Amino acid sequence: MDERQEALPEGEKPAGAGEGLPTKEQVLEALKVVYDPEIPVNIVDLGLVYDVEVHENGLVDVTMTLTAIGCPAQDMVKADAEMAVMRLPGVQGVNVEFVWTPPWTPARMTEEGKRMMRMFGFNV
């Protein structure tokens, strides 16, 4: 069993779990308020969020990366992402995991992210 999920009697769900949980799309939309402090684009359009999983017990797992290993803003981005997702109804907890494979490249950016980068003078 995942260490983040406590055992409950069979058929019982944590308070607020199951009904009214956000969708993956709603979590991604919530994450659009989180920005890389050095790049004027949110982490979703920048292509840093690799996966989102919403569990029936209200826990949300976010798998993401940063533009560079050892980024000094890692703790800030993690805290901002956790706070953004915790604001969604039904969310009981958030786990943000950073991964480095596959590595981030500008090719992972959405078209909106590329448009924003071009507005700020970046050639993407």
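Observations on the structure shown:
- Annotation: Ala68 fulfils all but one of (1) farther than 15 Å from Leu21 by Cβ; (2) at pLDDT 95 or above; (3) not in a helix (DSSP H, G or I); the unmet one is (2).
- Options Ala73, Ala30; residue that is among the small types (Gly, Ala, Ser) and out of contact with any helix residue (DSSP H, G or I) (no Cβ under 6 Å at 6 or more places or on another chain): Ala73
- Filtered by the rule that a residue be among the β-branched types (Val, Ile, Thr) and crowded, with 17+ Cβ neighbours inside 10 Å, segment 78-107 gives Val85, Val91, Val94, Val96.
- Selection of segment 57-73 for residues being touching a residue at least 24 places away in the same chain (Cβ under 8 Å), open to solvent by 10 Å² or more (accessible area, probe 1.4 Å) and farther than 19 Å from Met109 by Cβ yields Asn57, Leu59, Asp61.
- Residues that are farther than 14 Å from Lys24 by Cβ and buried (at least 21 other Cβ atoms within 10 Å of the Cβ), drawn from segment 46-56: Leu46, Leu48
- Yes/no for Glu29 being in a loop (DSSP other than H, G, I, E, B) and either at pLDDT below 50 or closer than 30 Å to Ala107 by Cα (or both): no
- Meets criteria (modelled with pLDDT under 95 and open to solvent by 60 Å² or more (accessible area, probe 1.4 Å)) for Glu3: yes
The values are calculated or read from the model by the stated rules, or taken from the named source; none is laboratory data. None of the values given here were measured: they were computed from a predicted structure. So basically every Cβ, Gly included, is an ideal-geometry build from the backbone, and we count neighbours across all protein chains shown. Surface accessibility is based on the protein's heavy atoms, side chains included, excluding ligands, DNA and RNA. Shrake-Rupley method; radii C 1.70, N 1.55, O 1.52, S 1.80 Å.
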